[in-house]
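Have a look at the structure that comes next, please.
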């Protein structure tokens, strides 16, 4: 794998974490706006105009995480440096249960440090 490919896959490994952080920040920035509605009942379009950016970013984050999950599982299965059996099962479990933190860890350990 070329150095440029390694860098691109590294960027890809961090994108789900970045987008999750953006979603969390958006939620906290929307809270004061929702609190200002207190006893006023806003119309549908006011609510929709407030939440549609959040929904779009959340959808993008979910798609990126799914794409990263598929990419890294396929890469791990094809990687001859990952031992058969137990280690492959452990990596799949890490990918599934760490919420995206496992992608940069795998990238560093099994892609970046890989000899050309």
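No value in this document is a laboratory result; all are computed from the given coordinates. A quick note: this is a predicted structure, and the numbers were derived from the prediction, not measured. Virtual Cβ from ideal backbone geometry, glycine too; neighbours counted across all protein chains shown.
Beyond 25 Å, what share of the Cα-Cα pairs of the stretch 3-112 is found? Please give it as a whole percent.
38 percent
How far is helix 3-36 tilted, in degrees, relative to the longest principal axis of the Cα atoms in the chain, given as a value from 0 to 90 rounded to the nearest 10?
20 degrees
Using only the alpha-carbon atoms, how far is helix 44-78 inclined from the longest principal axis of the chain? Give it as 0 to 90 degrees, nearest 10.
10 degrees
May I ask for the angle, rounded to the nearest 10°, between helix 86-97 and the longest principal axis of the chain, with both axes built from Cα atoms and the value confined to 0 to 90°?
Around 10 degrees separate the two axes.
For an R0 of 41 angstrom, estimate the FRET efficiency from the Cβ-Cβ distance between residue 11 and residue 44 and round to the nearest 0.05.
0.60
Next up: Any idea what the relative contact order of the stretch 3-112 is, in percent, if you count C-alpha pairs under 8 Å spaced at least 6 apart? Please list the in-between numbers first.
On the way: 59 pairs, mean separation 48.7, N = 110.
Once divided by the residue count of the stretch 3-112, the mean separation gives 44 percent.
If each of residue 83 and residue 31 carries a label point 7 Å out from its Cα toward its Cβ, how far apart are those two points in nm?
Each label point is offset 7 Å from its Cα along the Cβ direction, giving 4.5 nm.
Given the -39500 (n - 2.57) contribution per DSSP H run of 4+ residues, what per-residue ellipticity at 222 nm results for the chain, rounded to the nearest 500 deg cm²/dmol?
-26000 deg cm²/dmol
Across the Cα atoms of the stretch 33-90, what radius of gyration and what greatest pairwise Cα-Cα distance (Dmax) are found, in Å?
So, for the stretch 33-90, Rg and Dmax equal 21.2, 61 Å respectively.
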